[in-house]
Amino acid sequence: MLLDFFPSRTMMLAIARMFAVRIVVILLMLVLVLQMLNLLSESGHILAAKGNGQLELLRFVSLRAPQLLSRFLPYSVLLATIFTLATLNQNSEVIAMKAAGMSAHQILAPLFLVAMITSVVTFAFNERVTVRATATLKAWQDVDYGPVPPDSDVKSNVWMQDGTNILFARTVTGRGDETVMRDVSWYRRNASGMVSEIVHGTVARYAHPGWRLEHPTSFDVQSLRTTPLGDARVFATGVEPAQVIVRKTNAEAESLWRLTDSIRAIRAAGYRTGELDGRWWHKLSGPLSALLMPLLGAVAGFGLARSGKLFVRAVIGMALGFAYFVVDNAALAMGNFGAYTPFLAAWSPFLLFLLIGEAVLIRTEE
């Protein structure tokens, strides 16, 4: 039966509890140290903005913490695996379990169970918390930690091509026909590519086609004269709302379902989506890296502790785990360049190190 794969209930709960506590402790230590270093490096920029103070520093900490928790949770699972198995091995508990007839995979079963729960929690946390914190922090940083419009889908400093002309918006909110731009500038360029006129408006809304600027003013570069244009006028007829999505889609700041909509819109506009496709698949494979860590760190738990090679095996386990993250990032980069397909870029490191971990475990113990 499937339950026969796990050790006794008492033993399973004891090992799982030990493993889970170590994950939480290591994660909190990593996040605390990294949060302090990050706050020290950014506090000067935050306080430089007019009106910012202690509340803004606390806001930065609250927005940065979910990113650190999500990013370093797999590392915490790896280190917790090594510490847990090394402790069990050093106290001869692994030997006792093997003497009772348990295989290496049965000893690791409680760790796999906790790691599976961790992967599910990580995915849900990323979708509900991390993406929102990332989007808010990115928008805040784009305006140099100044005031940001109260919108969950705000994009900052967006440049768009209007034929030979250029449209710039300080902030953009909404999507599709509901897109609203604020602090907008339209740069008219002459045949030689030089800017001849700058039209500025407080707000721009999509006008099918073009963008209707409210309270526009025209600045003539040659005469250095500023002229109010009166009522709202339409400019940038070559710019569509899809260009905003193309220019400013951040996979790390969008949930899986939101990113799916963005990819569809970009494809409909005739642009490539290979990089975003890889990120889409990685939103599924990334959280599963926690499930892989007990297998990669298992080499630290087997073998005789008195042989003097426990430290060496722990180093090998850490090397395997960190090698996975290096290969994972390299595969995503190769996918961005088009050398790998998006699916292969996201899943090949996981499948490769799954086979490597099994091979190392079987070779050293089974």
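Scanning segment 253-267 for residues that are surrounded by fewer than 19 Cβ atoms within 10 Å (Cβ to Cβ), of a type in the set (A, V, I, L, M, F, W, C) and under 22 Å from Leu68 (Cα atoms) returns a single hit, Leu256. If you go through segment 238-248 one residue at a time, do you hit one that is small (Gly, Ala, Ser), touching a Gly at 6+ places or on another chain (Cβ under 9 Å) and either crowded, with 16+ Cβ neighbours inside 10 Å or modelled with pLDDT of 85 or more (or both)? Among the residues of segment 238-248, at least one is small (Gly, Ala, Ser), touching a Gly at 6+ places or on another chain (Cβ under 9 Å) and either crowded, with 16+ Cβ neighbours inside 10 Å or modelled with pLDDT of 85 or more (or both), which makes the answer yes.
Answer with yes or no whether Ser119 is surrounded by 18 or more Cβ atoms within 10 Å (Cβ to Cβ), among the small types (Gly, Ala, Ser) and outside the structural domain of Phe350 (by TED's automatic domain parsing).
no
Counting only strands (runs of 3 or more DSSP E) that sit completely within segment 126-240, those holding 2 or more residues that are among the hydroxyl-bearing types (Ser, Thr, Tyr) correspond to 165-173, 180-189, 195-206, 217-220, 225-228.
Whether any residue in segment 5-23 is farther than 30 Å from Pro110 by Cα and of a type outside the set (Asp, Glu) is what I want to check. No: zero hits. Where residues in segment 14-48 are of a type in the set (S, T, N, Q) and free of Cβ contacts under 8 Å to residues at least 24 places away in the same chain, which of them is surrounded by the most Cβ atoms within 10 Å (Cβ to Cβ)? If we take residues in segment 14-48 being of a type in the set (S, T, N, Q) and free of Cβ contacts under 8 Å to residues at least 24 places away in the same chain, then Ser43 is surrounded by the most Cβ atoms within 10 Å (Cβ to Cβ).
Evaluate the following for Val315: is it in the same structural domain as Phe125 (by TED's automatic domain parsing) and in contact with a Lys or Arg (Cβ under 6 Å, 6 or more places away or on another chain)? So Val315 does not fit the description; no. Sub-9 Å Cβ pairs linking a first residue in segment 94-108 that is assigned to a helix (DSSP H, G or I) to a second residue that is β-branched (Val, Ile, Thr) and surrounded by fewer than 18 Cβ atoms within 10 Å (Cβ to Cβ), at least 6 apart or interchain, are Ala104/Ile362; Ala104/Thr364, ordered by first then second residue. Checking Leu354, Leu296 one by one, the residue that is crowded, with 19+ Cβ neighbours inside 10 Å, in contact (Cβ under 8 Å) with a residue 60 or more places away in the chain, assigned to a helix (DSSP H, G or I) and over 17 Å from the mean Cα position of the chain (by Cα) is Leu296 and no other. Arg128 meets each of the listed conditions (1) over 30 Å from Thr202 (Cα atoms); (2) surrounded by 15 or more Cβ atoms within 10 Å (Cβ to Cβ) apart from (2). One residue stands out in segment 328-356 among those that are of a type in the set (Gly, Ala, Ser) and modelled with pLDDT of 90 or more: the one that is nearest to Leu288 (Cα to Cα), namely Ala346.
State the number of residues belonging to segment 52-93 that are closer than 16 Å to Leu32 by Cα and either among the small types (Gly, Ala, Ser) or not in a helix (DSSP H, G or I) (or both). Total meeting the criteria: 4.
Only a single criterion out of (1) assigned to a helix (DSSP H, G or I); (2) of a type outside the set (A, V, I, L, M); (3) buried (at least 19 other Cβ atoms within 10 Å of the Cβ) is not satisfied by Pro287, namely (1).
Tell me which residues, restricted to segment 72-116, are closer than 27 Å to Lys283 by Cβ and surrounded by fewer than 15 Cβ atoms within 10 Å (Cβ to Cβ). Matches in segment 72-116: Met116 only. Go through (1) within 20 Å of Gln67 (Cβ to Cβ); (2) among the hydroxyl-bearing types (Ser, Thr, Tyr); (3) modelled with pLDDT under 85 one by one and return the number of the condition Ser289 breaks. The failed condition is (3). The residues of segment 182-211 that are farther than 22 Å from Arg225 by Cβ, in contact with a Leu (Cβ under 8 Å, 6 or more places away or on another chain) and not small (Gly, Ala, Ser), listed by number, are Val203, Trp211. Quick check on Ala319: is it under 26 Å from Leu78 (Cα atoms) and surrounded by fewer than 16 Cβ atoms within 10 Å (Cβ to Cβ)? The answer is yes for Ala319. Checking each residue in segment 49-71 for being polar (S, T, N, Q) and buried (at least 16 other Cβ atoms within 10 Å of the Cβ) picks out Asn52, Gln67, Ser70.
The values are calculated or read from the model by the stated rules, or taken from the named source; none is laboratory data. Owing to the predicted nature of the structure, the values given are computational and were not obtained by experimental measurement. We place every Cβ from the backbone using ideal geometry, glycine too, and count neighbours over all the protein chains shown.
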